[in-house]
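The values are calculated or read from the model by the stated rules, or taken from the named source; none is laboratory data. In this text, all values refer to a predicted model and were calculated from it rather than measured experimentally. Don't worry about glycine lacking a Cβ; one is built from the backbone with ideal geometry, like all the others, and counts go over all protein chains shown. When the accessible area is computed, the model is the full protein with side chains, heavy atoms only, and any ligands, DNA or RNA have been set aside. Shrake-Rupley method; radii C 1.70, N 1.55, O 1.52, S 1.80 Å.
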Amino acid sequence: MGRGGPQAAPYDAIVAAAAGDAIPPAWIEQLKTGGRIVAPVGVDEQRLVVAHKDESGKLIRSGKEAVRFVPLRGGIA
């Protein structure tokens, strides 16, 4: 889990429907500059993270509402 899909990258958006303990680095690498990630993050306490990739390649996070999603199985390796 968390390896993304490098064969079709870069992506305009990545949306997760299961919560992991962090946003996988592969997702950030495969996200297009200006692209967005929306994902629940956390184990016991989850937050919905909305983030975009800036011109320098850094992920800028915003929106951190409390949510409850099913946990991601298999980790984010």
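Tabulated values for the structure
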read-out	value
Simple label model, 7 Å out from Cα along Cβ direction - Asp12 to Val38, nm	1.4 nm
Accessible area of the chain belonging to carbon and sulfur atoms, whole % at 1.4 Å probe	55 percent
Whole-number D in µm² s⁻¹ for the chain, Kirkwood Cα-pair radius fed into Stokes-Einstein, 37 °C, 0.692 mPa s	264 µm²/s
Net charge dipole size for the stretch 1-45 [Lys, Arg +1 and Asp, Glu -1 on Cβ; Debye, nearest 20]	260 debye
Ordering of 23-32, 6-15, 43-52 by burial proxy (mean other Cβ atoms within 10 Å per residue, highest first)	23-32, 43-52, 6-15
